[in-house]
There are 2 protein chains.
Amino acid sequence: MYNFEYKNPVKIIFGKASIAKVVNEVPSNAKVLMIYGGGSIKRTGVYEQVKTALRGIELLEFGGIEANPHYETCMQAVEMVKAENIDYLLSVGGGSVLDATKFVAAATLYKNGDPWDILTKPGTVVQAALPIGAVLTLPATGSEMNGNSVITRAEYMQKQSFNSPYVMPQFSILDPECVFTLPDRQVANGVVDAFVHVLEQYLTFPLNSPLQDRMAESILITLIEEGPKVLANRNDYDAAANFMWSATMALNGIISVGVPQDWATHEIGHELTAFHGIDHGRTLAIVLPGMMNLKRENKKEKIIQYGERIWGITDGGVDARIDAAIAKTVSFFESLSVPTTLPEYDVPAETIEKITLRFKENQMKIGEKGDIDFAGIEAILKDRL
Amino acid sequence: MYNFEYKNPVKIIFGKASIAKVVNEVPSNAKVLMIYGGGSIKRTGVYEQVKTALRGIELLEFGGIEANPHYETCMQAVEMVKAENIDYLLSVGGGSVLDATKFVAAATLYKNGDPWDILTKPGTVVQAALPIGAVLTLPATGSEMNGNSVITRAEYMQKQSFNSPYVMPQFSILDPECVFTLPDRQVANGVVDAFVHVLEQYLTFPLNSPLQDRMAESILITLIEEGPKVLANRNDYDAAANFMWSATMALNGIISVGVPQDWATHEIGHELTAFHGIDHGRTLAIVLPGMMNLKRENKKEKIIQYGERIWGITDGGVDARIDAAIAKTVSFFESLSVPTTLPEYDVPAETIEKITLRFKENQMKIGEKGDIDFAGIEAILKDRL
């Protein structure tokens, strides 16, 4: 096991009818900006629940955060925060709204130049952020219990991320009944997203960390069991709750303590979103099988362990077992109606060239061993044609 | 799943050579009281490591905390804290030293009367405590990542506990190399203690919480695998690290979110320590099999799941499988050289009467369903004769 530090002070408030508890968490003297997305919270009643709970508190609104939230939109929110002297941000929505809120929180107090540096300039460290609270409506990204944020700059077709303890929410309210109103597509994307989050922290190389391995496997198995139940019956509270908690646990840092992490699937997936606007979870379903195939030697021991413990694959030689593990993973994603190849998303072969060129120009190498260069990325994507 | 709230802001600093990092965590202008136990930290060098790291910081010492720390000793520390205007407490030792430190932190700032009330008077709420840091030398109690404390009042032969977020350590340093110098008995006690902590949060009734179940099982399996490795080779760093992290994860609250909890084994075990001074972990090894036997109907589904997933018991009817699960548990404890019956600790039958009488007088009922009264407690203890 590697040495590690772990601190996660986010207060989770989980369960039925918990949204009204927001009033106990937001300071009563705060001037709050409620940030939300395209308006689904108005259809589902979450908007009204939050407004009712917070009546008496000074509450402004900023709606219109996109899926894969745009830097440009976030900067409009920053303007509003500054103009109105907002001192507390309340994210009401899914991971995109929360990621945007985190960036707004950091960008507002960023003093050292262009806030775009937070996302792109190596060595930039966030040193302050406005306090954030969250009401989560969509289990997927795990953003509700970490300091990560991913932002897209539309004009550059770039998707970039940053991480800071300062943007961890002070609280996150998770009401599984929010799942009841989600469309199939968002449930499926969320299951895939959480599943791949776990694999990014698990499917690397063995480091004699059996507890972290088993905890990761616990989340994978639960997602495999509960995801289809949620899709089959959106009013199954237990299934919704188990799915929601699994997505949070998948990326709150507890399974990655002391172990290597990959994240190459995410880095390549972000490019597919940047160029084609493909839903984040779906980009992961495309890239992951190619990643497993290309890195079958590097990841041999863990892919075999994954195949055996998650899918019961115990027959055959090393390559046959790896092939079977990849096939099982693809089947799982497809069973959720999430396609896993590029042509199914109308992505042309030229996109592979464009993405490869980006990594070539950056001289960026990715993966847990930092050994996947542009040629590797090209191979992974060609695998998915 | 029940509704729940979860917040655990303890910073964990884990790994080789991490004790020196204490200097980054203790405020440099603090007046620190270092609290420790019987002096083993001087033999192992931990004392010197801490002193060296903190040279330049005003550091006083209070040694002599007992295993099952005494209220009387803690109150001497409180006197010293007040007399010397200490403003930071540093626990250097195992769970007993840390539990004592927590009580000292709360008792020092307790304004509403006798600090003994914190441990015994229903409705008493701790509203402030001195800040605490911890260097943990012994994996077992999980106290390094929670707000729990158990204190013994020798004159009354009473062992009592309290819980408060105010006494969660600000940081806990966990260096697995501390395990290298532990005697067999403390390793074995620690494995049993952590194992039973998990079962107190797991062996209740099913509530459709598959992730919590599997996470609990992950810790149990890891303890079963790693505990004997630590006993066999005290210098096996990986085994020490896996054991140490398992003990922390067993009681940092993450496996108990949204599920019922028992703790009857602990409540009865505390009485055996109070009357006979038996090591805490050993009292759990005595009581647990009796608990499983008595509550075989209440706990049926979970005992069977435990038997199947942890010990591979899949044959036979319900009672046969429960018997086999109990037998496997007893064998595991005995394999660590931890006896599991009262006569092996020279506890006479009269002690059962005394303990039963206490619960009868208190009219206290325990267990996850609150249905174990004095007669149940008598039956559990007689089972262990």
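The values are calculated or read from the model by the stated rules, or taken from the named source; none is laboratory data. In this text, all values refer to a predicted model and were calculated from it rather than measured experimentally. Note that each Cβ is placed from the backbone with ideal geometry, even for glycine, and that neighbours are counted across all protein chains shown.
The set of residues in the stretch B:100-143 being closer than 14 Å to B:LEU33 by Cβ and among the small types (Gly, Ala, Ser) consists of B:ALA100, B:ALA105, B:ALA107, B:ALA129, B:GLY133, B:ALA134. Taking the stated definitions as given, is B:VAL196 closer than 28 Å to B:ASP279 by Cβ and either part of a helix (DSSP H, G or I) or assigned by TED's automatic domain parsing to the domain that holds B:ASN24 (or both)? It is true that B:VAL196 is closer than 28 Å to B:ASP279 by Cβ and either part of a helix (DSSP H, G or I) or assigned by TED's automatic domain parsing to the domain that holds B:ASN24 (or both).
Scanning the stretch B:71-82 turns up at least one residue that is of a type in the set (Asp, Glu) and either crowded, with 24+ Cβ neighbours inside 10 Å or out of contact with any Gly (no Cβ under 7 Å at 6 or more places or on another chain) (or both).
Give the residue, chosen from B:GLN76, B:GLN127, that is at pLDDT 95 or above, closer than 25 Å to B:PHE275 by Cβ and in contact with a Phe, Trp or Tyr (Cβ under 9 Å, 6 or more places away or on another chain).
Result of the check over B:GLN76, B:GLN127: B:GLN76.
Here A:THR356 meets each of (1) touching a Leu at 6+ places or on another chain (Cβ under 9 Å); (2) within 20 Å of A:VAL196 (Cα to Cα); (3) of a type outside the set (A, V, I, L, M) with one exception, condition (2). With respect to A:GLY307, determine if the residue is surrounded by 17 or more Cβ atoms within 10 Å (Cβ to Cβ), away from every other protein chain (no Cβ under 14 Å) and within 28 Å of A:PRO183 (Cβ to Cβ). When the stated conditions are applied, A:GLY307 does not pass them. So, in the stretch A:185-196, of the ones that are of a type outside the set (Phe, Trp, Tyr) and within 14 Å of another protein chain (Cβ to nearest Cβ), which residue ends up nearest to B:TYR237 (Cα to Cα)? The extreme case among them is A:ALA194. Can you spot a residue in the stretch B:361-375 that is in a helix (DSSP H, G or I), β-branched (Val, Ile, Thr), on the phi < 0 side of the Ramachandran plot and in contact (Cβ under 8 Å) with a residue 60 or more places away in the chain? No - not one qualifying residue is present in the stretch B:361-375.
Of all positions in the stretch A:259-266, none carries a residue that is touching a His at 6+ places or on another chain (Cβ under 8 Å) and buried (at least 22 other Cβ atoms within 10 Å of the Cβ). Pull up the stretch A:197-229, narrow it to residues that are facing chain B (nearest Cβ under 10 Å), touching a residue at least 40 places away in the same chain (Cβ under 8 Å) and more than 27 Å from A:PRO176 (Cα to Cα), then point me to the one that is surrounded by the most Cβ atoms within 10 Å (Cβ to Cβ). Going through the qualifying residues, I end up with A:SER209.
Only one entry in A:GLY312, A:GLY317, A:GLY290 is in the same structural domain as A:GLU217 (by TED's automatic domain parsing) and either in contact with a Lys or Arg (Cβ under 8 Å, 6 or more places away or on another chain) or at pLDDT below 95 (or both), namely A:GLY290.
Regarding the stretch A:96-103, can at least one residue be identified that is under 22 Å from A:GLY253 (Cβ atoms), among the basic types (Lys, Arg) and out of contact with any Lys or Arg (no Cβ under 6 Å at 6 or more places or on another chain)? Scanning the stretch A:96-103 turns up at least one residue that is under 22 Å from A:GLY253 (Cβ atoms), among the basic types (Lys, Arg) and out of contact with any Lys or Arg (no Cβ under 6 Å at 6 or more places or on another chain). For the stretch A:145-175, filtering for residues that are more than 16 Å from A:MET34 (Cβ to Cβ), touching a residue at least 40 places away in the same chain (Cβ under 8 Å) and not in a loop (DSSP other than H, G, I, E, B) leaves 18.
Counting only helices (runs of 4 or more DSSP H) that sit wholly inside the stretch A:1-114, those with at least 2 residues that are under 21 Å from A:PRO165 (Cα atoms) and away from chain B (no Cβ under 14 Å) are A:71-83, A:95-108. For the stretch A:328-360, the tally of residues that are closer than 25 Å to A:ILE224 by Cα and assigned to a helix (DSSP H, G or I) stands at 10. For the stretch A:230-252, filtered to residues that are buried (at least 18 other Cβ atoms within 10 Å of the Cβ), touching a residue at least 24 places away in the same chain (Cβ under 8 Å) and assigned to a loop (DSSP other than H, G, I, E, B), the residue that is nearest to the other protein chains (Cβ to nearest Cβ) is A:ASN252. Regarding the stretch A:277-286, can at least one residue be identified that is touching a Lys or Arg at 6+ places or on another chain (Cβ under 6 Å), assigned to a helix (DSSP H, G or I) and either farther than 21 Å from A:ALA216 by Cβ or acidic (Asp, Glu) (or both)? The answer is yes; a qualifying residue exists.
Within the stretch B:1-43, being surrounded by fewer than 16 Cβ atoms within 10 Å (Cβ to Cβ) and in contact (Cβ under 8 Å) with a residue 40 or more places away in the chain holds for B:TYR2, B:LYS7, B:PRO9, B:LYS16, B:ALA17, B:PRO27, B:LYS31, B:ARG43. Does B:ALA17 count as aliphatic (A, V, I, L, M) and in contact with a Pro (Cβ under 6 Å, 6 or more places away or on another chain)? Criteria not met by B:ALA17. Within the stretch A:259-282, one or more residues are in contact with a helix residue (DSSP H, G or I) (Cβ under 7 Å, 6 or more places away or on another chain), within 14 Å of chain B (Cβ to nearest Cβ) and under 27 Å from B:ILE254 (Cβ atoms).
When the stretch A:189-221 is filtered for residues that are of a type in the set (A, V, I, L, M), over 21 Å from B:SER209 (Cα atoms) and out of contact with any Ser or Thr (no Cβ under 8 Å at 6 or more places or on another chain), the ones remaining, listed by number, are A:LEU203, A:LEU207. Annotation for the stretch A:122-131: no member residue is assigned by TED's automatic domain parsing to the domain that holds A:GLY15, among the polar types (S, T, N, Q) and under 28 Å from A:GLY190 (Cα atoms).
Got a number for residues in the stretch A:311-359 being surrounded by fewer than 21 Cβ atoms within 10 Å (Cβ to Cβ), of a type in the set (Phe, Trp, Tyr) and over 20 Å from A:GLN158 (Cα atoms)? Residues meeting the conditions: 1.
Per the conditions (1) touching a strand residue (DSSP E or B) at 6+ places or on another chain (Cβ under 8 Å); (2) surrounded by 21 or more Cβ atoms within 10 Å (Cβ to Cβ), the sole criterion not satisfied by B:ALA107 is (1).
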